[in-house]
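The values are calculated or read from the model by the stated rules, or taken from the named source; none is laboratory data. These numbers were taken from a predicted model, which means no experiment stands behind them. A quick note on method: Cβ atoms are made from the backbone with ideal geometry, for glycine too, and the neighbour counts reach across all protein chains shown.
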Amino acid sequence: MSLIVNIENLPEEGLEIKEEFERSWLTNIPEYTEVNEQGYVKDKIFIFGKLSREGNNLHLRGKVKLTIHTLCSRCGDELDYLIDSDFELVLMPGPERITELEKELSPEDLDHIYYTGPELDLTGYFQEQIALEIPIQFLCKPDCKGLCPGCGVNLNYENCRCQQEEGDPRLAILRQLKINK
């Protein structure tokens with residue numbers, strides 16, 4: 001189960017990639033490799049792709065699929081977050097060309113990567129795609145109402161039990177004020 005490819009022996013029709021890995025393979029995000037309360041990869045990590053030659057460059061079309069078991073950032077409910085993501089990269093031979101001048105990167109520039117040597121380890125590209133797909137906050141649903149900061153009930157399932165305050169009694173007279181336009 002290695003993702004190291006000998007570029008010189010790359011078939012003309014390209015190389016199909018289909019692998020599955022245990023959660024421990026995700027070494028770039030170690031907090032998801034062990035079962036814990038914060039979150040972990042639930043089952044296997046599935047990797048699919050095709051590496052093909054396009055002139056001097058290599059083209060990697062890949063897909064990652066896995067489920068992360070974690071907690072909702074708003075309400076604390078457990079959830080399974082599915083990552084099912086496609087990506088494409090152009091791998092160009094030679095050392096990375098770095099200029100002294102600052103340059104604004106376009107989205108296309110981020111899809112072009114340099115490599116050197118006769119062998120290419122694709123592991124990092126697939127692991128990086130997984131890292132890019134992990135949200136800053138996991139939500140059980142997009143419109144999760146979270147917990148009431150006063151009484152602590154989950155607002156997705158029940159209404160708040162907090163006593164509604166009328167406000168400052170010194171300003172009660174202003175509630176009776178009517179404004180005519």
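Looking only at strands (runs of 3 or more DSSP E) that fall completely inside region 1-104, which ones have 1 or more residues that are within 28 Å of Asn154 (Cβ to Cβ)?
On the way: elements: 4-6, 15-21, 39-41, 45-54, 57-71, 78-93.
The qualifying strands (runs of 3 or more DSSP E) are 39-41, 57-71, 78-93.
Restricting the first member to region 160-181 and to residues that are on the phi < 0 side of the Ramachandran plot, and the second to residues that are among the aliphatic types (A, V, I, L, M) and surrounded by 10 or more Cβ atoms within 10 Å (Cβ to Cβ), the beta-carbon pairs closer than 7 Å and six or more apart or on different chains are Cys160/Val153; Arg161/Val153.
The condition (being more than 17 Å from the chain's Cα centre (by Cα), closer than 20 Å to Gln129 by Cα, buried (at least 16 other Cβ atoms within 10 Å of the Cβ) and not aromatic (Phe, Trp, Tyr)) is satisfied by just one residue among Val5, Val41: Val5.
Of everything listed in (1) modelled with pLDDT under 95; (2) hydrophobic (A, V, I, L, M, F, W, C); (3) crowded, with 18+ Cβ neighbours inside 10 Å, the single unmet condition for Leu66 is (1).
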